[in-house]
Amino acid sequence: MPTIETHEHKALRTAVAALGKRHGRDFNREDLWEEAAKLGYLGVNLPEQYGGGGGGISELSIVLEELGAAGCPLLMMVVSPAICGTVIARFGTESQKQEWLPALADGTRTMAFGITEPDAGSNSHRITTTARRDPDTGDWLLTGRKVFVSGVDIADATLIVGRTEDSRTGRLKPCLFIVPRDAPGFDRRHIEMELTAQEKQFELTLDDVRLPAEALVGDEDAGLLQLFAGLNPERIMTAAFAIGMGRYALSRAITYARDRTVWNTPIGAHQAIAHPLAQAHIDLELARLMMQKAAHLYDEGDDMGAGEAANMAKYAAGEACVKAVDQAVHTLGGNGLTREFGLASLITAARVARIAPVSREMILNFVSHQTLGLPKSY
């Protein structure tokens with residue numbers, strides 16, 4: 001894989017950074033979403049024949065990272081074009097592609113993603129949301145619960161991970177369904193969060209939600225293949241989100257360390273201030289390299305290789321982000337906790353990358369089992 005970005009990628013970074021700078025930390029989400037869509041950034045990963053840019057997760061991750069570095073990340077980019085758009089582009093029917101991809105690309109429609117459950121977390125083997133066929137009509141009936149689903153209130157539909165019974169084995173296997181926001185029996189409850197974010201979190205209840213046969217995305221028997229087609233981009237984009245946030249915090253700290261003078265010397269001249277900031281920069285750069293590797297492997301069609309790299313990238317980026325934010329706040333001292341400098345709210349936000357969409361402990365489990373070949377503890 002290339003270790004130096006192409007001229008096209010550098011140009012994309014520069015252009016998106018300019019967009020982010022225009023909107024800044026106090027951005028209006030709807031205005032930024034609309035402008036990013038008009039410039040072609042929201043659908044940069046989607047196929048050209050459906051209104052996208054014809055790129056991949058490599059390009060989309062650049063967009064999210066640069067917006068985050070400017071202080072205005074768009075969380076729904078992780079969900080709508082990266083997860084849902086990718087899954088529909090790879091596995092959707094022609095009708096689903098025609099209906100959803102152009103609208104996801106131009107930002108006129110968005111889609112949420114529901115996998116996590118109260119008792120199962122993201123463990124697809126314990127998901128209890130089930131789909132069964134109505135023998136008389138061929139419709140699907142979907143029943144279950146989901147939690148921590150982002151942006152349901154602003155999404156036109158939610159891509160729900162359920163389970164259907166395999167007719168050959170009787171075992172349940174994961175399947176994906178497009179559930180319109182106004183479907184009867186599909187209810188949502190806002191989850192109050194301490195986290196400061198423009199996108200709200202919801203708990204979903206599905207009570208025999210009736211869906212037409214064409215609501216199923218892809219092959220009923222594909223199972224985990226389709227699911228991980230969405231989860232790997234989610235991990236890569238979460239890494240981009242975290243790296244962008246870490247870069248934003250670090251930039252504010254560097255500026256402060258240059259300008260803040262005590263005893264006629266900028267505090268950044270002192271190694272106790274300078275070295276931790278340098279370490280934070282190094283960690284963010286290393287995390288970006290792993291993210292780029294994961295995106296490259298995914299875009300090249302190496303799902304297995306991308307799975308390992310995406311988990312590592314998400315882990316490295318989450319750790320680097322938390323450390324960068326912590327050091328940035330510490331560099332500013334008391335000012336780091338004021339609303340004026342806009343860093344204190346990132347203390348909570350940075351931890352999201354350690355927790356979601358998969359915890360760092362589960363990533364360590366994955367690496368120890370899948371990469372190192374160690375026995376499972378569960």
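For THR261 and ALA11, the FRET efficiency from 1/(1 + (r/R0)^6), where r spans their Cβ atoms and R0 equals 56 Å, is about 0.90. Aspartates and glutamates near LYS173 by alpha-carbon distance under 13 Å, same-chain residues fewer than 8 away left out - which ones? Result set, ordered by chain and number: GLU165, ASP219, GLU220, ASP221.
If you fit an axis through the alpha-carbon atoms of helix 344-355 and take the longest principal axis of the Cα set of the chain, what angle between them do you get, 0 to 90°, nearest 10? Once rounded, the angle reads 50 degrees. Computed per residue of the chain from DSSP H runs no shorter than four, each worth -39500 (n - 2.57), the mean residue ellipticity at 222 nm is -15500 deg cm²/dmol. Looking at the chain, the accessible area is 47 square angstrom per residue; that uses a 1.4 Å probe and ignores ligands, DNA and RNA.
Looking at the calculated P(r) for segment 253-352, what percent of the C-alpha pair distances fall above 16 Å? Beyond 16 Å sits 62 percent of the P(r) for segment 253-352.
Semi-axis lengths, largest first, of the ellipsoid equivalent to segment 159-269 are 47, 19, 10 Å, with √(5λ) applied to each eigenvalue of the Cα gyration tensor. Site pair ASP31 and GLU48 shows an inter-label distance of 3.4 nm when each label is modelled 7 Å from Cα along Cα→Cβ.
Cross-link check: pairs LYS146/LYS376; LYS21/LYS323; LYS146/LYS200 evaluated at a Cα-Cα cut-off of 18 Å; pairs beyond the cut-off: LYS146/LYS376; LYS21/LYS323. Remark: the GLN198-MET362 segment gains 56.3 nm on full extension, using 0.36 nm per residue and subtracting the alpha carbon distance.
Tell me, what is the percent relative contact order of segment 305-378, built from C-alpha pairs under 8 Å that lie six or more residues apart? Relative contact order of segment 305-378: 32 percent.
What does a probe at THR338 reach in segment 217-260, counting residues whose amide N is under 12 Å from the point 7 Å along Cα→Cβ? No residue qualifies, since no backbone N sits under 12 Å from the label point. Solvent-free Debye calculation, one equal scatterer per alpha-carbon of segment 315-378: log10 I(q)/I(0) at 0.18 Å⁻¹ equals -0.68. For the chain, what relative contact order do you get, as a whole percent, if you take Cα pairs closer than 8 Å and at least 6 residues apart? With pairs under 8 Å counted, the relative contact order is 15 percent.
Taking all Cα-Cα distances within the chain, those exceeding 27 Å account for 48%.
Where in segment 17-42 does the amide nitrogen come within less than 13 Å of the point 7 Å from the Cα of THR108, taken along Cα to Cβ? Counting backbone N atoms under 13 Å from the label point, the list is 38. Taken about its Cα centre, the chain carries a charge dipole of roughly 1200 debye when the Cβ of each Lys and Arg holds +1 and the Cβ of each Asp and Glu holds -1.
In a fully extended conformation the segment linking ALA274 and LEU289 would gain 3.1 nm over its present Cα-Cα distance, using 0.36 nm per residue. Element breakdown for the chain at a 1.4 angstrom probe: carbon and sulfur atoms account for 52% of the accessible area. Over segment 1-75, the hull volume per residue, using the convex hull of the C-alpha atoms, is 88 Å³. Placing unit charges on each Cβ (+1 for Lys and Arg, -1 for Asp and Glu) gives the chain a dipole about its Cα centre, and among ILE282, PRO375, ASN45 the Cα reaching farthest toward its positive end belongs to ILE282. Within segment 1-109, list the trypsin sites (Lys or Arg not before Pro) lying in a DSSP loop whose Cβ has at most 14 other Cβ atoms in a 10 Å radius. Answer in residue order: ARG25. When +1 charges are put on Lys and Arg Cβ atoms and -1 charges on Asp and Glu Cβ atoms, the dipole computed for segment 265-337 relative to its Cα centre reaches about 380 debye. For segment 85-232, the Stokes-Einstein estimate of translational diffusion at 4 °C and a viscosity of 1.567 mPa s comes to 83 µm²/s, using the Kirkwood hydrodynamic radius over alpha-carbon pairs.
The values are calculated or read from the model by the stated rules, or taken from the named source; none is laboratory data. Bear in mind the structure is a predicted one, so any value in this text is a computation, not a measurement. In this analysis, Cβ positions are derived from the backbone assuming ideal geometry, glycine residues included, and neighbour counts consider all displayed protein chains. Accessible surface areas use protein heavy atoms only, side chains included; no ligands, DNA or RNA. Shrake-Rupley method; radii C 1.70, N 1.55, O 1.52, S 1.80 Å.
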